[in-house]
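Reading through the structure tokens given below for one structure.
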Protein chains: 2
Amino acid sequence: MEEDFAVFEFPFTAKLETLVAKDNNGLYYTRLAAELEALVAKDNNAINIADPKIENAGPFTRACGWHKLLPNKIVEMAKKIKKLGQDDPQRIIHSLKVGLALTLVSLFYYIQPLYDRIGENSIWAVIIVILVFEFSVGATLGKGLNRMLATLSAGALGVGVHHLATLSSEKGEPIVLGFFVAMIAATVTFVRFFPTMKARYDYGLLIFILTFSLVSVSGYRVDKVLQMAHQRVTTIILGSIIAIVICICIRPVWIGEELQNLIANNIEKLGNFLQGFGSEFFKIPEDRQPLSDIAFIQGYKSLLTSKNNEETMANLARWEMWHHRFGLFHPWKQYVKIGTLTWQCAYKIEALNNYLNSKIQTLNEFGRKIQEPSTKICSESGKALRELASAVKKMNQPTSVNAHIENSKTAIENLKFMLDTYHLEDADLQEIMPSAEVALTLIDVVPCIVKIADAVQELASLAHFKTPATRVSP
Amino acid sequence: MEEDFAVFEFPFTAKLETLVAKDNNGLYYTRLAAELEALVAKDNNAINIADPKIENAGPFTRACGWHKLLPNKIVEMAKKIKKLGQDDPQRIIHSLKVGLALTLVSLFYYIQPLYDRIGENSIWAVIIVILVFEFSVGATLGKGLNRMLATLSAGALGVGVHHLATLSSEKGEPIVLGFFVAMIAATVTFVRFFPTMKARYDYGLLIFILTFSLVSVSGYRVDKVLQMAHQRVTTIILGSIIAIVICICIRPVWIGEELQNLIANNIEKLGNFLQGFGSEFFKIPEDRQPLSDIAFIQGYKSLLTSKNNEETMANLARWEMWHHRFGLFHPWKQYVKIGTLTWQCAYKIEALNNYLNSKIQTLNEFGRKIQEPSTKICSESGKALRELASAVKKMNQPTSVNAHIENSKTAIENLKFMLDTYHLEDADLQEIMPSAEVALTLIDVVPCIVKIADAVQELASLAHFKTPATRVSP
């Protein structure tokens, strides 16, 4: 059984570390937590099944066993609920916001003067609030605007097709209607496969089919199609607006901010690792203490699995047009580009991490020789990354990054010169390998960091980051 | 500008390769295609912007430029549509299936005897078909069953709450209703954050809120709540069943099959790489020809980004309970486990791939020495992986895998012995490094493959894979 779970060790600990070093990225956190939960559940099941007392007992004893376990289960459940809320209190707030929006929208049904104006169709506003209300402002706006646009255009098309159908004979009408519904539904379903459409308008296209079918099909039985379409569109817009207003006004979750923090934190994690690695790997063994902050410097591991969110988040962030800090034309794509570069850099760093875990007990002569330029590369590029992270987070122009990068380039030249001129004399290969590999990998990592720096500088000029106030000497 | 796109080189070519070596995984393909499309679009934009004729021209010339570009755009669009259909004809079939299902369900509205029985609520069946119909059987079944269960339970609860509300005074009724709606909506919204619930029942929980609110809120105005709830439930079940039947009966896409093929293809890709690498890296430079099938052996790169789908696919596959090959209790979780192991193995292999690209021009003495055991490890473990892949695909017990693994373990012992006993005499470090690193990485890769083999064997026993008919000697 133990062996069985040993294979999960890597992802499991990686996940735990990510949970500990949790950043603001709710999306990613949810997925990770799901995997973790699944692993823990598997673990619990395994223990239950392995318990011979329960396994080999009769049905009655078994029921008793479960009976005894039940209070534990309830306590466990309560703990889980509490933890879920504590981890991200925004979730509780979101739940209450949904409740509030629903109560507000159902007032249109309860209060007679409002009901008289909108009528039975106000139930549509309730449906819309439930379907449109999402965790982040971007997602809610995206769904709401998609919904309104799709409803308007599909409603108009539906009314048009209905008019066309009424021109034909009474028997021909359902045939014409059926033909149009099938054709338009098939076409729009196909359009949904287009990657560019899928990324931003998938929901709108679905609603387009829905509204078009509703209006043109029910137009067959309802006499006042125009009035019906008008009422529906009004209620749908009403519902969307209520959802959007409550989402924005009460403790909003801006996905653009989350994306920015995510990217900045990821760059910072790479910097943390490099700085930690430099001081740890080349430490003289006698000085070495058990590494207490291993989880901290290995925070970058979360990058290896988080690639896909950034694309989704950037797509959603684009809907948050009115966010005060970002404005209408914020270059969200640039964040995705920086994310990709960071991700590639994390792969290279993963190779370094393997050497941190390998059991080198003595820093041999070769190791001491390359120690100085290698630690220099680590600390300088680490500083550059942390400066870049802070620039992204605070939306400042990065100022001293170039100096750090130049320093690490110089250190690389020194290191290369040492490697080229070093001659092995009857040395043990397996002893030299780790240090030499680390050196080669470091030489490989710096160009990646230069690319990240260039991309961040591009972002800074595209998004007009402000120059930090320089201190004037008195 | 060129430099700007150079940073995209790695993901871009990786994606292209994945598209070429496209397997049946529609989900993943869509996402990749989206990224590719975005990159290409960016590329096109960049070219347009960079075109000084358009950039520096006045508004009129610019309009003319666009006017000239328009026919090209249309042709391009048509090509895109054609390609999208050719890449996966199943998409066209899916679009037509949606059209057919909608036409069928709207018959309930057009045909008088059917309409008389179900009434105006039959429009709900139309809504349901549009919302429930998904690309794969698993997703459609998941949504359909979620929808039916949620509607039944929420409908019952809604009727109950309505009764409770009618017991209070006329003024109190909307207050009681509002309280329950807000409370239950907030609670269920919070429950949706639970990872285990989110994975399988997210849609059901959303529909639960929707139906409960609909029944209890509109119950305030409608007198015959029970009859209304009954009619809605009937039409929703009707719509779900039509969607499910058409999805299953006409050229179905079983996501379980796709998951199985995905896992098998991934294992095979690892095998392809190892076999190709062994023969390529240790080739004597004079024999070396330009590697024509580099894209083929680098197919494993798609694994590095595809991790998350497997979890989703396994969750959906579990709904395909009636698939003839898999049965009700197929161990879908085991596929996710194998997927995780394959993914870890791909990381290690990525390190090997870097050496394939490095410019080693001569196979030095050291390289020749380790050539024999290293190529043996590559070919034997490659064979083991390909056998495992075919076992998963054909659902056969893997038979000769253990022999191949034993062979590669023996080769590893030989290689370790050589490394331990090899002494460097005034050799150039940078010359020896690549071969030595490859050797160490290979020693690291085999345990990963053993884990994959164990997991596949566990799957074979859990899912009762059949033993392939052994040939009886005459």
About its Cα centre, the range A:106-190 carries a charge dipole, from +1 on Lys and Arg Cβ atoms and -1 on Asp and Glu Cβ atoms, whose size in debye to the nearest 20 is 180 debye
Once B:Glu76, B:Glu280 are ranked on solvent-accessible area with the largest value leading and a 1.4 Å probe, the list reads B:Glu76, B:Glu280
Accessible-area loss of at least 40 Å² in the complex relative to the chain alone (1.4 Å probe) applies, within the range A:320-351, to A:Lys333, A:Lys337, A:Trp343, A:Gln344, A:Tyr347
Buried accessible surface, A vs B, both sides, probe 1.4 Å, in Å² to 100, equals 8800 Å²
The ³J(HN,Hα) series, computed from each phi in the range B:321-334 with the Karplus coefficients 6.51, -1.76 and 1.60 at θ = phi - 60°, rounded to the nearest Hz and given as x for glycine or proline, is 5, 9, 6, 4, 7, 9, x, 6, 10, 5, x, 5, 4, 5
Largest-first ranking of B:Leu304, A:Leu152, A:Leu238 by accessible area, probe 1.4 Å, whole protein assembly kept, is A:Leu152, A:Leu238, B:Leu304
The ³J(HN,Hα) series, computed from each phi in the range B:154-163 with the Karplus coefficients 6.51, -1.76 and 1.60 at θ = phi - 60°, rounded to the nearest Hz and given as x for glycine or proline, is 5, x, 4, 4, x, 5, x, 5, 4, 4
Cβ-Cβ cut-off under 11 Å around A:Leu328, Lys and Arg +1, Asp and Glu -1: the net charge is 0
Distances in nm between the label point of A:Gln227 (7 Å along Cα→Cβ) and its equivalents in the other copies, shortest first, are 2.3
Heavy-atom accessible area per residue of the range B:369-438, all protein chains kept, 1.4 Å probe, expressed in Å², is 44 Å²
For the range B:169-222, dividing by residue count, accessible area per residue (probe 1.4 Å) in Å² works out to 38 Å²
Inter-copy distances for B:Gly119, label 7 Å out on the Cα-Cβ vector, sorted ascending, nm, one decimal, are 1.8
The pairs in B:Lys409/B:Lys466; A:Lys79/A:Lys301; B:Lys337/B:Lys376; B:Lys333/B:Lys451 lying past 22 Å Cα-Cα in this model are B:Lys409/B:Lys466; A:Lys79/A:Lys301; B:Lys337/B:Lys376
Heavy-atom accessible area of the range B:91-167 with neighbours in place, 1.4 angstrom probe: carbon+sulfur share in percent works out to 72 percent
Taking B:Cys249, A:Cys378 and ranking on accessible area (1.4 Å, protein atoms only), highest first, one gets B:Cys249, A:Cys378
Per residue, the convex hull enclosing the alpha carbons of the range B:239-286 has a volume in Å³ of 84 Å³
With the label set 7 Å along Cα→Cβ, B:Asn402 is separated from its counterparts in the other copies, in nm and shortest first, by 6.6
Residue by residue through the range B:208-219, the couplings from Karplus 6.51 cos²θ - 1.76 cosθ + 1.60 with θ = phi - 60°, in Hz, x for Gly and Pro, are 4, 4, 4, 5, 4, 5, 4, 5, 6, 6, 6, x
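The values are calculated or read from the model by the stated rules, or taken from the named source; none is laboratory data. These numbers come from a predicted model, not from an experiment. Ideal geometry is used to build each Cβ from the backbone, glycine not excepted, and the neighbour counts take in all protein chains shown. Accessible surface is based on the protein model in full, side chains and every heavy atom, while ligands, DNA and RNA are left aside. Shrake-Rupley method; radii C 1.70, N 1.55, O 1.52, S 1.80 Å.
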